[in-house]
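Quick notes on the structure that follows.
Throughout, read-outs are computed from the coordinates displayed, never taken from laboratory work. All values reported here derive from a predicted model rather than from experimental measurement. No Cβ is skipped: glycine too gets one built from the backbone with ideal geometry, and neighbour counts run over all protein chains shown.
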Amino acid sequence: MERMTFGRAIKTCFSKYCVFKGRAQRAEYWYFVLFCFLVNWVLSTGSMVKLMPALLAEGPGRTTNPFEIYAQGGVLMYAYLVFSLVVLLPTLAAMVRRLHDTNRSGWWVLAYYLFIIVGEVVVFIIAGDSFSTGGAQFALAMMMFGLGMLAVSIVLLVWLCTAGTKGPNKYGPDPLGWQQEENVVDVPFTVNPSGNDTEKEA
């Protein structure tokens, strides 16, 4: 089994663009996450370097049209948006395969994002009703949602960092190619005339 390198992980995740079956070792998933983070950081930082002076120069009453803002950010701003969309599916697929490697269902990924969506909708609804109560309900909802997000994110992070099960599981063969027989060393036992149990090397 060839060692999973940074470049191989990127190639593997893109070649399995929408593959939600099978397993992914930790190196495959986290190298790809690192790749996405680095590219996004470069593109977003480059676009902000160009965007901020333009926004500051306009002063109060500057445009809030998102398309005009993106245009001021230049090509890098659009590249950031396009890249984020391009890596969305392979990132989700790799996350599902990573959970499969720990013998957990990939549906936990869907549950995680549903929790985020439902939570934000609930907070938005409460925010609309909080004007008559001075915002107390909104503050409480935000706090509860934040704590829930933190707890769920920590659990998912721990799962994604957990080593995969050794050998095949119900989601497929071990991506590390681990075989129990490979870890067993056959040591021959011999008896020599001198009475020692094993022959000593000179």
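Could you please report the charge total around R97, scoring K, R as +1 and D, E as -1 over all other residues with beta-carbon less than 10 angstrom from its beta-carbon?
Values: positive: K16, K21, R23, R98; negative: E28, D101.
Counting the neighbours of R97, the net charge comes to +2.
The phi-based Karplus calculation (6.51 cos²θ - 1.76 cosθ + 1.60; θ = phi - 60°) puts the 3J(HN,Hα) values of the range 21-32 at 9, x, 10, 9, 6, 4, 4, 4, 5, 6, 5, 5 Hz, whole numbers, x for Gly and Pro. If R0 equals 30 Å, the separation of the Cβ atoms of N103 and L147 corresponds to a calculated FRET efficiency of about 0.60.
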